[in-house]
Amino acid sequence: MHDDHDDDIKGIWTRRAFLKSGGIALFSLGIGGNPLFINRAAINSKNDLLNQNKTLVTIFQRGAMDGLMAVPKLNDKYLMNARPRLYMNPSSKTDSVLDLDNGFGFHPSLMPLMDYWKEGSLAVVHGMGSPNKTRSHFDAQDFMESGTPGDKGTSSGWLNRAVGLMGHESPTPFQSVALTPSLPKSFYGEESALAISDLDNFGLPSYINIGNIVGNTFESLYEDTTKEILKDTADATFEAVDLLEKIRQKDYVATSKVSYPNSKLGNSLRQIAQLIKADVGLEAAFAEQGGWDTHVQQGTTQGSFADNLRDLSESISAFWEDLGPYQDSVNLMTMTEFGRTVKENGTGGTDHGRGSCLFVLGQDVDGQKVHGYVPDLAQENLEDGRDLPVTTDFRAIFSEVSGSTFGIRNDEELFPGWEGERIKLFKS
């Protein structure tokens, strides 16, 4: 996350550095900046690691993806005129958009996802975004991750609240995992969460820093605090360390035979698949992909946008194939903070806009559909005369996905202050 969130994280863990639900929580700043939280309650159930609930995998496309290039409205004369260099003709032999037979198309880089579209497990929500009109990446991402657009005072993230609403008394240490260098705002809050850059290097660092408590080793930390709060937790603590080590072993995490892109996102999804197949109780997973701020030379079938979209689709496709029978218990959703201007700019790119689109993948998804609403892109139909309007609040989507995945029905607690309705995205 951004540096100005560091104080928030330190504050949270200084206030509740130790003993949530009678257990131990560790916030480590070791090699790679990997936070480590261990909850004793989860250790007590280490012999029952089967993932009893569905898993929600979220991918944040940071930088604001151009939804009108990823999933363009076909044969829209206004879009053609607004993008003389960026519009891709669906009948072209060189840059043909993949026709979805519903007035929309997929960018050619989304070809790896076409099988899931055709089988009905992949859906698009178009014209989605935030009711807050900021065009600041930082603010828009912050609002989307907190789930409270316009309110900078929200200290918790929507995924953390979602996990809390499930009411687990004994979650596993791997209930919420972000494959990121630091904890994303989506996971801020009262529920324990992990941020792991690399499973292969995940473990206890050479030093531990918890607020003002510093120790050279895990044992010294234990020794320093045992009189005050640890007391009878020594055995449980080292059992937790042992559990973490087992995650790396073959009997817990088998090497995937699926070929993933050698990219940050590909590696993140590969490791999320490992945790899901290891049955360690993963329920909320978070990955991210940068590079979507395409102000200059956005390109069509070649260029930064096409490359990023190809990485996204190939990574998701590899992940879904890797899951095999676990597909039945996983939903995947992408998100991006806002879209791009309808009109291309003078440098062959697009600027900060409003509405974009996202993808939802799952066996129960009402797929092979573009949900939401995109008007004709005449200037009078555009937001502020320049942008794809936001016709679906992102909370209508996130609440629907949370409801299908986790069984959450209390939208008011999940998204404080929101009084909207969910958009129907699942078959049942």
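Computed across segment 323-426, the Kirkwood radius stands at 15.6 Å (inverse of mean 1/r, all Cα pairs). Calculation over all alpha carbon pairs of segment 103-152 in 10 angstrom steps from 0 returns a P(r) of 21, 33, 26, 20, 0 percent. Applying a DSSP loop filter and a limit of 13 other Cβ atoms within 10 Å to the chymotrypsin sites (Phe, Trp or Tyr not before Pro) in segment 279-374 leaves Y373. Label positions at Y326 and R409, each projected 7 Å from the Cα along the C-beta direction, are separated by 3.0 nm.
Of all the C-alpha pairs in segment 378-428, what % are more than 17 Å from each other? Within segment 378-428, distances greater than 17 Å cover 45 percent of Cα pairs. Each 5 Å bin, from zero up to the one with the longest distance, holds this percent of the alpha carbon pairs of segment 307-362: 4, 15, 19, 19, 16, 11, 8, 6, 2, 0. Each Cα pair of segment 88-207 feeds into the Kirkwood radius, which the Stokes-Einstein equation turns, at 20 °C and 1.002 mPa s, into a diffusion coefficient of 119 µm²/s. Over every Cα atom in segment 129-187, the radius of gyration and the widest Cα-Cα span, Dmax, amount to 13.1, 41 Å.
Each value in this text was obtained by applying a stated rule to the coordinates, not by laboratory testing. Computed from a predicted structure; not experimentally measured. As a convention, Cβ positions derive from the backbone with ideal geometry for all residues, glycine included, and neighbour counts pool all protein chains shown.
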